[in-house]
Every structure is written in C-alpha cells, then in structure tokens.
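The values are calculated or read from the model by the stated rules, or taken from the named source; none is laboratory data. Remember, predicted model here, so these are calculated numbers, not experimental data. Methodologically, a virtual Cβ is constructed for each residue, glycine included, from the backbone with ideal geometry; neighbour enumeration extends over all protein chains shown. Accessible surface areas use protein heavy atoms only, side chains included; no ligands, DNA or RNA. Shrake-Rupley method; radii C 1.70, N 1.55, O 1.52, S 1.80 Å.
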Amino acid sequence: ILMEDYEIQMRNYTTDFYPESSIIPRMLEDIVDKFNMPINFNEKVLTVNKVENHFEVSTDKEIYYARYVVISTGFRLKKPDIKGYELVTPYNRMKHRSYYRDKSVFIIGKGNSALECAGDIMNEANMIICASPSSIHFAYQTHYVGSPRIVNSVPIENYQLKSLSAMLDCNIVEIKKDGNKFVVTVSYTHAKGEVEEIRVDEVICATGFEPNIPDIFPRISKISERWPGIDGEFMAQNIENLYFAGAITHGLDYKQYSSSGFIHGFRYNSIMLAEKMFAKLTGISLNKEIDRQDFLSCIFEILNNNSGIYLQPGFLGRHIVVNKKIYECGYLSLIAFKDMEDIQNIHLLITLEYGDIKQYMDKPLEIEREPGIPEKSLHLHPVIRIKTPHEHKEIVLEENLFNQFDKSDVNMKIIKKLQDSLII
C-alpha cells in the first residue's frame, strides 16, 4: 500500500519480513477512515451492462449509472479437473496442524500454497507427499515472484534427504475413498508412464489461484483460457471504458519478471490507471514540467529512486514527452508504449529490465558478466526507449550491483548522446 505521507505503512503495523495477511484489511480500514471513502459494503453486484456510452450496474440494493467501470475481483481458488476432487480438503479449510499428527497426507500442488501447507504440518504428519505434473523451479532461478520461494523449501530438502516427505512429478488420475483411507492414483511424469495407487489418511488441494471473473460481466474477451483480454492501459479489449485493476491484471505479465499478480506489483498498475482515469474524468493533466537543464538529473532520479520501475521490471516505465517543453507523465506500461501510433512529439519510456537471464536458470549464481558492455547486461539494468515520428530506438545502460545508476563514464557517454540526439 502506497501512501504519500507514509502514515499507513506496513512497518507501522509489523516488522516481520513475511507479515500476517490479516494486517492488510486493517491497513485498508485505516485508509477508508482516514479519507472518509464512500464505500458501500455488503452490496452484491448482480449485472453490469453497457448501454450506449454508459454502464448500468444493478445491485441487490439499487441501480448505478457510470461512464467507467473498474473490475477488481481478484483471484479465487483454482479447482483442478481431477476425478474425485470433491472428496478432498481445499487448503483454505485445513484443520489445525495437530489434527494431522501421525497421519500420512497427500497435497495436490507443489507451489507456494502447497509448500506452506506442508511446512505447517511437517512436525505433525508422519509422511507428506506433494504432487503436480511439473518440476519445481525456485523464484531465485526464474526471477518470477510467484515461483516457489526458498523460505518454503524445507519439505523439498527433506525429500532429497529421505526424511518423511516426497515431491512427485505426476498426473493425478483419480481420488477414491476406501474406508477411512484415500486412494490416490498417479501417473508418473519421469517413469515411462508408470501408474501407482498411493494410500493416505488425508488429501489436501493447494493448486493456487485463478482469475475471478464472475458471470455478471458479459462478453469479456480472453487472452487465454483464464485471463481477461485487456490492453496496455488495463481496458477490456472488446468493451470500451471497462477497466481492470489488481491481481486480475496479471494476464499481461503472467510468469514473467514483473509482479502484477501480487500487491507489491499491481499497486503501481493501479497508480497508472488512477492517473489516466483522473485525467479522463477531469480534463486535468498530472504531467510535471521539467526544466531542460534538469533533464539528466530527472533521468537518474527515476532510475535510482522510482520503486515502480524496480518492482515492475520490463512492464512499467516512466513516460517522458518532449516537444517545446519536457514533461514527466507518470507510469506507462511497455505494452501501451509499443502500441502508440501517429505520434507527433518525442516519447521516452524509462524502464529497468533483465536480459536473457533465464539461460542461466540451472546456475543462477554463476552468471557471466561483461563489464563496460551495457548491451550484454543480464541482471536488472536501465533501458530507455525513444519514439519519434520518424524512428524507434533503444538505449541500454550497464547493470549495477546495488542498482545505483550513477553518472559513470559509460552511462554518461550514452545519456549525453541521448540528450544531443533529442536536442535538449
């Protein structure tokens, strides 16, 4: 949660690196109280229809009319297509860890949700099995924050050391009950199709989440089976003025380096959406004019201190427009920048990005670096894209261990060349 006055910050509620999720509702309640926000609680939306140039939103209490509608319905538990799934316990309904004492437990899934479940009951259960079709790659390998985190890796280490846990790559064919036992039939991924029946005391499903798109929003196009079709400004591709916010925007960067499925990422998407919508509703621009002599300082201020481009790498950038004057125009997604057409001015987008770092997935701590050659930077490094009416080009700066992009000889030479080419 981002507050300009820093009054409502996580550090004021807890200093835990992995805080309790219950803190977020407390923070939100404090924000509602602080700003006296007009939120209608306990009101169910029934239908949303587009009528000419406005929306008609029907709830169980009244009908609203709006020029814009924002869908921010988040995620819901993903239910796998497994025969017998109705017999299992969804992980959000797990019993207290003491219930699993001396039991054998089969957990469907090997992501963070599943590993957290395994970690919670590890000192109680006598055997824990986690299963999914694919092998585990950790976040430090993939550079995707949704991949399993090292903090959840103890059950995996126990498996490798043969200590009462197992990590299976397999497809689950069927789940049945046999008396007070569960029988889970699996087909192994790496065993030439071998099929085995595994008898356990409990089965827990922890297969993560999927976008929650209720049926009240008709005719929304999809970019895949799961994700809504939205453009680089988070508007529905087939319904004008219908927007998306929050984790549901993650379809644009799913399993990439950025983090739109998580609060530390999508909060910046929401800033971009809010600023664009404010301009549409009021006709007032939030663009900030930059003095020409401050152009270089502005570039380095963004690179060194802007949290949004750091936490949404390769997805969000800071947008600068150059005509007779220079304006800093807030966040813009790389998708929206690439989609810009028929431009009249000079547009810059400043991002932090990775190179082809996934080629080192199997040895992420042995990445070769070539000092002095910015184009070969693989870790987080600045990229400045320029669009003019006549050309598109990219300028790459060199990575830095501390992400402090100072006016080094290499960087200054490049930035000066940029400045001269723009006649700033």
If r is the Cβ-Cβ distance from residue 419 to residue 201 and R0 is 51 Å, what FRET efficiency results, to the nearest 0.05?
0.15
Computed from these coordinates, which is Cα Rg over 2.2 N^0.38 Å: (i) 1.10; (ii) 1.14; (iii) 1.04?
(ii)
Accessible area (Å², 1.4 Å probe, nearest 10) - residue 235
40 Å²
A 1.4 Å probe over the protein heavy atoms gives the chain a carbon and sulfur accessible-area percentage of 49 percent
Gain upon complete extension [residue 221, residue 8; 0.36 nm per residue less C-alpha separation]:
73.0 nm
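For the chain, what relative contact order do you get, as a whole percent, if you take Cα pairs closer than 8 Å and at least 6 residues apart?
11 percent
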I need the shape label for the stretch 235-317. Rule: rounded when a/c is under 1.5, else prolate if a/b > b/c, else oblate, with a, b, c from the alpha carbon gyration tensor.
oblate
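Can you work out the FRET efficiency for the pair residue 164 and residue 291, with r the C-beta to C-beta distance and R0 = 51 Å, to the nearest 0.05?
Values: r = 66 Å, r/R0 = 1.29.
Using R0 = 51 Å, I get an efficiency of 0.20.
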Find how many whole Å separate the alpha carbon centroid of the stretch 264-318 from the alpha carbon centroid of the stretch 352-379.
26 Å
In degrees, nearest 10, range 0 to 90: what is the angle between the Cα axis of helix 112-121 and the longest Cα principal axis of the chain?
40 degrees
Charge dipole magnitude, Cβ of K and R +1, D and E -1 - the chain, Cα centre, debye nearest 20:
420 debye
For the chain, longest principal axis from Cα atoms; helix 263-282 axis from its Cα atoms; angle between them, nearest 10 degrees, is 40 degrees
Given only helices, namely DSSP H runs of n ≥ 4 each adding -39500 (n - 2.57), what is the per-residue ellipticity at 222 nm of the chain, to the nearest 500 deg cm²/dmol?
-6000 deg cm²/dmol
Note to self: with every protein chain in place and a 1.4 Å probe, the stretch 223-321 gives an accessible area per residue in Å² of 42 Å²
Could you compute how much accessible surface residue 173 exposes when probed at 1.4 Å, giving the result in Å² to the nearest 10?
80 Å²
Sort 133-144, 6-17 by the packing proxy (mean of other Cβ within 10 Å over each peptide's residues), most packed first.
133-144, 6-17
What share of Cα pairs, in percent, lie more than 20 angstrom apart in the stretch 1-160?
69 percent
What figure in square angstrom, to the nearest 10, would you give for the accessible area of residue 18 with a 1.4 Å probe?
120 Å²
Projected label distance in nm at residue 284 and residue 379, using a 7 Å step from Cα toward the beta-carbon:
4.3 nm
Is there a pair in 103/176; 358/393; 363/387; 44/110; 280/325 whose C-alpha atoms are over 27 Å apart, and which pairs would that be?
363/387; 44/110
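Give the shape of the stretch 236-382 as rounded, prolate or oblate, defined through the alpha-carbon gyration tensor: a ≥ b ≥ c are the square roots of its eigenvalues, a/c under 1.5 means rounded, and otherwise the shape is prolate if a/b is larger than b/c and oblate if not.
oblate
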Just to confirm the number: angle between the C-alpha axis of helix 23-35 and the first principal axis of the chain, 0 to 90 degrees, nearest 10?
40 degrees
Along the three principal axes, how long is the stretch 292-359 when you take its alpha carbons, biggest first, rounded to the nearest angstrom?
43, 29, 17
Can you work out the FRET efficiency for the pair residue 188 and residue 24, with r the C-beta to C-beta distance and R0 = 41 Å, to the nearest 0.05?
0.55
